[in-house]
Amino acid sequence: MGDKLIIAIDGRSSCGKSTFARAIAARMNYIYIDSGAMYRAVTLACMENKLLHGGIMNEQALPQLLEYVRISFRKRPGSAETGTFLNGVNVEQKIRSIDIASNVSLVSKSAMVRKKMVALQREVGNNKGIVMDGRDIGTVVFPDADIKIFLTAETDIRAHRRHKELVEKGYKVSLEKIRDNITGRDRIDETREESPLKKAPDAIILDNSFMTPQDQMIWFEDLLAKINTT
Ligand code: DC
């Protein structure tokens, strides 16, 4: 396989998709696209424009909002990492908050939102040489992706990892709340009508519950070697 590839990584919330996807992108010298950040940015726009009330979204106001929402990924000054921008403003920090995490599944189950995000994801990924992570990348966004990985990890392990990450970033939040958020998001993501989270038939499952990031890369190198010899 000499050509550049499209690599899709899907899985439940907080199972380390972005860490893995970033490492693969760095290894392959590819672009990494965090599709979840796009849904988080739209959620922030919905919250700032008061489209969410008591767990219900104002669908009527959505077309106007989506019309003006512009999402992009840009390099952060002095860093190789990219940040998420909403209408020209860096929202990378804001979209990682528990407030956004609590509302994002509500926003991302909207067909209108998904239609716009999927189009944007296909646009940014239309040149090969990308790694994209999310919930429907291997099933809907890039059903012809060259490599599809379905990442899983035990719920408690996911909750501990996310809790540690947020605490390190300075957010004050209990493990209990994180666990509830993760299981709640899994339920909504897996049962929604529009492109629910599910493993693509041709995706390879990787349970990383007891793996370090280094173990995952060894697994990936093995996979690449297998692909290159078939
Ligand atoms: O990967 P993440 O936790 O940052 O994603 C945030 C939310 O966005 C997640 O709860 C479900 C939604 N999402 C989605 O519906 N489809 C995607 N391709 C990516 C994320």
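The values are calculated or read from the model by the stated rules, or taken from the named source; none is laboratory data. Computed from a predicted structure; not experimentally measured. Virtual Cβ from ideal backbone geometry, glycine too; neighbours counted across all protein chains shown. With ligands, DNA and RNA removed, areas are computed over all heavy atoms of the protein, side chains included. Shrake-Rupley method; radii C 1.70, N 1.55, O 1.52, S 1.80 Å.
When we screen ALA45, ALA61, ALA101 for residues that are open to solvent by less than 50 Å² (accessible area, probe 1.4 Å) and under 23 Å from VAL167 (Cα atoms), the only hit is ALA101. One residue stands out among those in the stretch 7-42 that are of a type in the set (A, V, I, L, M, F, W, C) and open to solvent by 20 Å² or more (accessible area, probe 1.4 Å): the one that is farthest from PHE85 (Cα to Cα), which is MET28.
Selection over the stretch 167-191 of residues that are surrounded by 14 or more Cβ atoms within 10 Å (Cβ to Cβ), under 18 Å from ASP133 (Cβ atoms) and not aliphatic (A, V, I, L, M) gives a count of 3.
Comparison of ARG162, ARG135 shows that the only residue that is out of contact with any strand residue (DSSP E or B) (no Cβ under 8 Å at 6 or more places or on another chain) and within 11 Å of the ligand (Cβ to nearest atom) is ARG162. Somewhere in the stretch 153-166, is a residue open to solvent by 20 Å² or more (accessible area, probe 1.4 Å) and closer than 14 Å to ILE7 by Cβ? No; the residues of the stretch 153-166 include none that is open to solvent by 20 Å² or more (accessible area, probe 1.4 Å) and closer than 14 Å to ILE7 by Cβ.
In the set (1) in contact with a helix residue (DSSP H, G or I) (Cβ under 7 Å, 6 or more places away or on another chain); (2) near the ligand (Cβ under 10 Å from one of its atoms), ALA145 fails one condition alone, (2).
Taken over the stretch 63-78, residues that are free of Cβ contacts under 8 Å to residues at least 40 places away in the same chain and farther than 16 Å from MET47 by Cβ amount to 8.
For first residues located in the stretch 95-122 and in contact (Cβ under 8 Å) with a residue 24 or more places away in the chain and over 24 Å from GLU168 (Cα atoms), partners that are near the ligand (Cβ under 8 Å from one of its atoms) and aromatic (Phe, Trp, Tyr) and lie 6+ apart or on another chain with Cβ distances below 8 Å form the pairs VAL107/TYR39; SER108/TYR39; VAL113/TYR39; MET117/TYR39.
Would you say CYS15 is touching a Lys or Arg at 6+ places or on another chain (Cβ under 7 Å), farther than 9 Å from MET132 by Cα and not basic (Lys, Arg)? Yes: the conditions hold for CYS15.
If you take the residues of the stretch 192-221 that are open to solvent by 90 Å² or more (accessible area, probe 1.4 Å) and modelled with pLDDT of 95 or more, which of them is farthest from the ligand (Cβ to nearest atom)? Checking each candidate, the answer is ILE218. As a summary of the residue check, ASN90 satisfies the conditions (1) without any contact (Cβ under 8 Å) to a residue 24 or more places away in the chain; (2) within 15 Å of the ligand (Cβ to nearest atom) except for the one numbered (2).
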